[in-house]
Amino acid sequence: MLLLPGLTCLFAISIIALVLSYRSPPSPNETISESLGSWPRQNASRYANAYQLDPPPTAPPYGAVVAAARSTDDVTWMASIEQNWTTFPYDVDTPHNDADPRLHLPAAKGHEAIVYLTWLIAHYDALPWHAVFVHGHRDAWHQPEDIVHLITGLKRPALARAGYVSLRCDWYPSCPAEIRPLDHDAVVWGPGVWRNEAELAIAGNWRLLFPGEELPQTIAAPCCAQFAVIRQAILRRPKSDYERMRQWLMDTLLVDDVSGRVFEKLWAYILTGEAVQ
């Protein structure tokens, strides 16, 4: 297995930013929602004007860091970034957090999925410029480096043009055609833990999760549900979409390992409209 270093990710993001920076400027009367939120899916230039319309803040807080932690996770690392980011250390093992109402969860379902959806719904009407969604651990096999370095090393002008960035640049243990919900003929590079179950769940619940949206032939994104996203990408969808997804998560009888992986495979699609990201 060859892991790409974090710098490769940032270099790729910078290339995206360089290309998009040559696009024509927005109309002086154009709003963010007109330029971005209402653009058709699969339009590669949907974030082209994000930097001009809504540039990254030059002073902290730069955005939010939303962590889905377990009770056994040491989240003291978040203190080292609190000067520049607003932190939300959710504990999925203690959904009813009486100490901090901001961190209350309606249920403990789907691992990090319930945390991410709950935060999106709660903050939809007053989103920060960007949010970074992570697990509670500082180090893990699926991270190219320390999570603090990944967060503080984000190039915000490049993120403004990319719109959405996975914090993992290596396809393993996913692959560029990991979920094939129509043909079920994927060739998976890694062990594929719960992959078949997640694929069947996506195919069987697509109309409930995304009414009116066509089920793609292929769905793929790097594992493992850690990413940065700008508010324009979040606002592509109405709040009711996130509320519907969370209700499905709360109602499903799927085990958490499967329901959580359903969203792990879908976050890029949810936030960008791209089935393969």
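See the values below:
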| item | result |
| --- | --- |
| Residue match in the stretch 201-210 (condition: surrounded by fewer than 18 Cβ atoms within 10 Å (Cβ to Cβ), part of a loop (DSSP other than H, G, I, E, B) and modelled with pLDDT of 95 or more) | no |
| Total residues in the stretch 103-121, condition in contact with a helix residue (DSSP H, G or I) (Cβ under 8 Å, 6 or more places away or on another chain) and part of a helix (DSSP H, G or I) | 8 |
| Answer from Ala233, Ala275 - the residue that is under 24 Å from Gly136 (Cα atoms), among the small types (Gly, Ala, Ser) and surrounded by 15 or more Cβ atoms within 10 Å (Cβ to Cβ) | Ala233 |
| Boolean, Asp257 is in contact (Cβ under 8 Å) with a residue 24 or more places away in the chain, part of a loop (DSSP other than H, G, I, E, B) and surrounded by fewer than 21 Cβ atoms within 10 Å (Cβ to Cβ) | no |
| Which listed residue, of Asn97, Asn84, is modelled with pLDDT of 50 or more, surrounded by 14 or more Cβ atoms within 10 Å (Cβ to Cβ) and over 28 Å from His149 (Cα atoms) | Asn97 |
| Looking only at the stretch 182-200, and only at residues there that are under 21 Å from the mean Cα position of the chain (by Cα) and in a loop (DSSP other than H, G, I, E, B), the one that is modelled with the highest pLDDT | Trp194 |
| Residue in the stretch 112-125 that is of a type in the set (Gly, Ala, Ser), touching an Asp or Glu at 6+ places or on another chain (Cβ under 8 Å) and in contact (Cβ under 8 Å) with a residue 40 or more places away in the chain present | yes |
| Residue identified as under 17 Å from Val115 (Cα atoms), more than 10 Å from the chain's Cα centre (by Cα) and acidic (Asp, Glu) among Glu243, Glu264, Glu214 | Glu243 |
| Residue that is touching a Phe, Trp or Tyr at 6+ places or on another chain (Cβ under 9 Å), at pLDDT below 90 and assigned to a helix (DSSP H, G or I), where the choices are Arg161, Arg168 | Arg161 |
| Considering residues of the stretch 100-147 that are charged (D, E, K, R) and modelled with pLDDT of 95 or more only, the residue surrounded by the fewest Cβ atoms within 10 Å (Cβ to Cβ) | Asp125 |
| Filter result for the condition that a residue is at pLDDT 95 or above, loosely packed, with under 14 Cβ neighbours inside 10 Å and not β-branched (Val, Ile, Thr), over Glu213, Glu243 | Glu213 |
| Selection status of Pro89, farther than 26 Å from Asp54 by Cβ and modelled with pLDDT of 95 or more | yes |
| Condition check for Ala99: of a type outside the set (Ser, Thr, Tyr), free of Cβ contacts under 8 Å to residues at least 60 places away in the same chain and assigned to a helix (DSSP H, G or I) | no |
| Residue count for the stretch 214-252, restricted to those that are free of Cβ contacts under 8 Å to residues at least 12 places away in the same chain, over 17 Å from Ala122 (Cβ atoms) and in a loop (DSSP other than H, G, I, E, B) | 1 |
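The values are calculated or read from the model by the stated rules, or taken from the named source; none is laboratory data. Bear in mind the structure is a predicted one, so any value in this text is a computation, not a measurement. We place every Cβ from the backbone using ideal geometry, glycine too, and count neighbours over all the protein chains shown.
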